[in-house]
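A short write-up of the structure that comes next.
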C-alpha cells in the first residue's frame, strides 16, 4: 500500500480528496451527524496549529488519510496527538489503516515521542482498531448535545446572577479582560484528565489570544459568555466554536466556574446565556455538542438539568511507545 506525505499546506485538490474520505466514513459510521464541512476541513489542513507541528498522509487512490500533531509546547515534546486516521468504508480490511498507522508510528519514533493519544468513539471501528494497536482508554467520556430548534431565540427567561455581570465576547476576548479570562481558564486544571500523558499548559493572556486567533484564521467563529465580578474577575465562562459559521453545528469548548464562585448557579447561567446568544447570532445553528468526562459529575449534572442529551460514548485513548 503506497502512502504519500502531503505538503503543508495541501493543495485544493488534496483538501477535496481528504474531505471525500471523511464524508464517506462519516456517512457509514455516524449517519445521524451532519457531514463534515469543507470550510472546517480546509481550515484545519491549511492553517498550522498553534500547539505543534502537523504531519499529513494519504493512501493511494485516496483510500484513507491520517493527520498527526507533534506537540512543540514545553513539557509535551515527548508526546503527540493522532487527530485523524480514517479509511473509506469500501477500502477497509485491506490493510489501508495499518499502512497509515505504520507511517504514523515511524514518524513518532523518528521524533523521539514516547506516547500518542487520540479521541475515539466507542463501539465502532475506531475503537476496535485502536485497541488492536495497543491503545488504552485512559479517560472515558461521552458526547453530549443540545438541540436548538429552527427559529429559536434562546431561553425565554434567563437566570439572574446577583453580584455578577454577564458579558458576551465575539472572537478574541477583549484585551482588558484577557488576563482575567486566562486566570479563569487555569481553573480547568481540576477537571478530570485520567492517565493522560499530556501536561496541562499555563494559561496567559497571550496563549488565550493565540488559540482563539487560530479559530478565526481557520475560517471559524468563537463566542464566549462570562460571568464577571465588579472587581474585574472572571468567575465563570463558557465558549463555543463554529468551525463553519454557516453550518448547523457548534462545538462547546470549556465551561468553567472558578472554585471560589461555585455553588451559585453560574455554570448553568453562562450556558443558558450562551444558548440564547448563539441562537440569536447564528440562525442556521441547530446543535451544540461537547464532551464531558464520565467522572466529571458536576458538569454532567448541569448539562442534564439544562436538557443536554447524552449522544454517544467516547474515550481519550493513549498508547505508550
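Looking only at residues in the range 76-93 that are part of a loop (DSSP other than H, G, I, E, B) and at negative phi, which one is surrounded by the most Cβ atoms within 10 Å (Cβ to Cβ)? Result: 79. For residue 232, the test of being crowded, with 17+ Cβ neighbours inside 10 Å and farther than 23 Å from residue 293 by Cα is failed. For the range 28-57, taking the residues that are more than 18 Å from the chain's Cα centre (by Cα) and without any contact (Cβ under 8 Å) to a residue 60 or more places away in the chain, the one that is nearest to residue 147 (Cα to Cα) is identified as 32. For the range 58-72, check the following and say yes or no: at least one residue is on the phi > 0 side of the Ramachandran plot, in a helix (DSSP H, G or I) and more than 18 Å from the chain's Cα centre (by Cα). Within the range 58-72, one or more residues are on the phi > 0 side of the Ramachandran plot, in a helix (DSSP H, G or I) and more than 18 Å from the chain's Cα centre (by Cα). Of the residues making up the range 94-118, those that are touching a strand residue (DSSP E or B) at 6+ places or on another chain (Cβ under 9 Å) and not in a helix (DSSP H, G or I) are 94, 111, 113, 114, 115, 116, 117, 118.
Applying the set (1) under 30 Å from residue 265 (Cβ atoms); (2) touching a residue at least 60 places away in the same chain (Cβ under 8 Å); (3) under 20 Å from the mean Cα position of the chain (by Cα) to residue 119 leaves exactly one unmet item: (1).
Across the range 292-321, the qualifying residues are those that are touching a helix residue (DSSP H, G or I) at 6+ places or on another chain (Cβ under 6 Å) and in a strand (DSSP E or B), and the one among them that is nearest to residue 79 (Cα to Cα) is 317. Residue count for the range 173-185 satisfying the condition of being surrounded by 13 or more Cβ atoms within 10 Å (Cβ to Cβ) and either over 30 Å from residue 317 (Cβ atoms) or at pLDDT below 90 (or both): 7. Of the residues in the range 139-151, not one is in contact with a strand residue (DSSP E or B) (Cβ under 6 Å, 6 or more places away or on another chain) and part of a helix (DSSP H, G or I). May I ask you to verify whether residue 21 is at pLDDT 95 or above, part of a helix (DSSP H, G or I) and out of contact with any strand residue (DSSP E or B) (no Cβ under 7 Å at 6 or more places or on another chain)? In short, no. The condition (being out of contact with any helix residue (DSSP H, G or I) (no Cβ under 8 Å at 6 or more places or on another chain), free of Cβ contacts under 8 Å to residues at least 24 places away in the same chain, surrounded by fewer than 21 Cβ atoms within 10 Å (Cβ to Cβ) and assigned by TED's automatic domain parsing to the domain that holds residue 9) is satisfied by just one residue among 60, 106, 73: 106.
Scanning the range 104-124 finds one or more residues that are at pLDDT below 95 and closer than 25 Å to residue 247 by Cβ.
Rundown of residues vs (1) closer than 26 Å to residue 31 by Cα; (2) surrounded by 17 or more Cβ atoms within 10 Å (Cβ to Cβ); (3) under 17 Å from the mean Cα position of the chain (by Cα), yes/no style:
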{"residue": "274", "(1), (2), (3)": "no, yes, no"}
{"residue": "279", "(1), (2), (3)": "yes, yes, no"}
{"residue": "282", "(1), (2), (3)": "yes, yes, no"}
{"residue": "292", "(1), (2), (3)": "yes, yes, yes"}
{"residue": "298", "(1), (2), (3)": "no, no, no"}
{"residue": "301", "(1), (2), (3)": "no, no, no"}
{"residue": "305", "(1), (2), (3)": "no, no, no"}
{"residue": "309", "(1), (2), (3)": "yes, no, no"}
{"residue": "312", "(1), (2), (3)": "yes, no, yes"}
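Put simply, of 226, 260, 160, 180 the only residue that is more than 20 Å from residue 144 (Cβ to Cβ) and either within 21 Å of the chain's Cα centre (by Cα) or part of a strand (DSSP E or B) (or both) is 226.
Of the set (1) at pLDDT below 95; (2) within 17 Å of the chain's Cα centre (by Cα), all apply to residue 81 but (1). Of the numbered criteria (1) more than 29 Å from residue 132 (Cβ to Cβ); (2) more than 21 Å from the chain's Cα centre (by Cα); (3) surrounded by fewer than 19 Cβ atoms within 10 Å (Cβ to Cβ), the one residue 321 fails is (1).
How many of the residues making up the range 38-50 are out of contact with any helix residue (DSSP H, G or I) (no Cβ under 8 Å at 6 or more places or on another chain) and either surrounded by fewer than 17 Cβ atoms within 10 Å (Cβ to Cβ) or at pLDDT below 95 (or both)? Matching residues across the range 38-50 total 1.
The values are calculated or read from the model by the stated rules, or taken from the named source; none is laboratory data. None of the values given here were measured: they were computed from a predicted structure. For neighbour counting, all protein chains shown are included, and Cβ atoms are generated from backbone atoms with ideal geometry for every residue, glycine included.
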